[in-house]
Each structure stands twice: as structure tokens, then as C-alpha cells.
Amino acid sequence: MIDLEAALQRIPGGMVAVKQMAAILVAECPRLLEEIRAGIAAEDAARVKLGAHTLRGSADVYAAQRVVAAARQLESLAGDGRLNAAPQSFAELRTAVAEMIEAIRFSVAPPDTE
């Protein structure tokens with residue numbers, strides 16, 4: 001679900017930085033998902049596109065391909081103004097994000113506090 005080796009190559013600062021970024025990603029995912037959900041509900045394609053784009057980029061750092069693909073799909077739908085198809089894609093994204101968060105929590109211990 002995630003690739004720590006890819007994250008280590010993409011994030012300068014070694015494992016400490018990877019852990020810090022993982023904590024930020026886990027904390028931000030609910031806010032980003034809510035932003036996308038609210039954008040779909042309001043039929044605000046720009047809001048959906050921005051939220052999906054941000055989530056896609058963050059997940060890509062950890063090579064979380066299911067999240068990246070689902071977010072890309074939503075970004076594309078929003079870009080094309082096809083929000084009628086967005087609820088199903090959003091459900092897929094929500095599931096993929098939950099799995100990514102679980103993988104991060106399992107694979108990445110909290111950052112050292114010393």
C-alpha cells in the first residue's frame with residue numbers, strides 16, 4: 001500500500017523526516033476528504049479538483065498507488081465537470097485512504113521525540 005523506500009528517496013532528512021511527514025499526512029487526510037466531499041455536495045468542481053490534487057500529491061510521496069489513482073480519477077472528473085460520477089470515485093478514494101493510513105500506522109512508528 002505504501003513504499004517506505006520511495007518515501008526515503010523523496011523526502012530529505014531520512015527516516016525521522018519520513019515519520020514526521022507521515023504524521024502530517026495522516027492528520028491531513030480527514031480534512032482533505034471532507035473538503036472533497038463538501039465540494040461534491042456543493043457541486044464545486046474547483047474545490048473537488050484542488051482537494052483531490054493535494055491528496056494525490058501527498059500520497060504519491062509514499063507511492064500509495066491506490067490513493068494516487070483514485071484521487072487522479074476524481075481530479076479528472078472535476079476537471080471535466082462530471083461531478084455526477086464523483087460519489088462512486090469518492091467512495092473508492094475514502095477506502096484507499098483508510099488503507100493507506102492503516103499501512104502508515106503499521107509501517108511507520110511515531111517520530112522520535114528526543
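Just so it is clear, none of the values below were taken in a lab; they were calculated from the coordinates. Fair warning: this is a prediction, and the values are worked out from it, not measured in the lab. Because the Cβ atoms are built from the backbone with ideal geometry, glycine has one as well, and the counts that use them run over all protein chains shown.
The table below gives the values:
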| read-out | value |
| --- | --- |
| Simple spin-label estimate for ALA17 and SER107 in nanometres, 7 Å along Cα-Cβ | 1.8 |
| Total charge dipole magnitude, the chain, about the Cα centre, Cβ charges on Lys, Arg, Asp, Glu only, Debye to nearest 20 | 180 |
| Helix 45-61 axis, angle to the chain major axis (alpha carbon atoms, nearest 10°) | 20 |
| Rounded, prolate or oblate (a/c below 1.5 giving rounded, otherwise prolate when a/b exceeds b/c) for the chain by Cα gyration tensor | prolate |
| Among ALA91, ALA23, GLN9 - extreme Cα towards positive end, dipole of the stretch 4-107, charges at beta-carbon | GLN9 |
| Sites LEU8 and ALA98 - FRET efficiency at Förster radius 25 Å, r taken between beta-carbons, to 0.05 | 0.55 |
| Neighbour cut-off at most 15 other Cβ (10 Å), DSSP loop, GluC sites (Glu not before Pro), the stretch 1-81 | GLU43 |
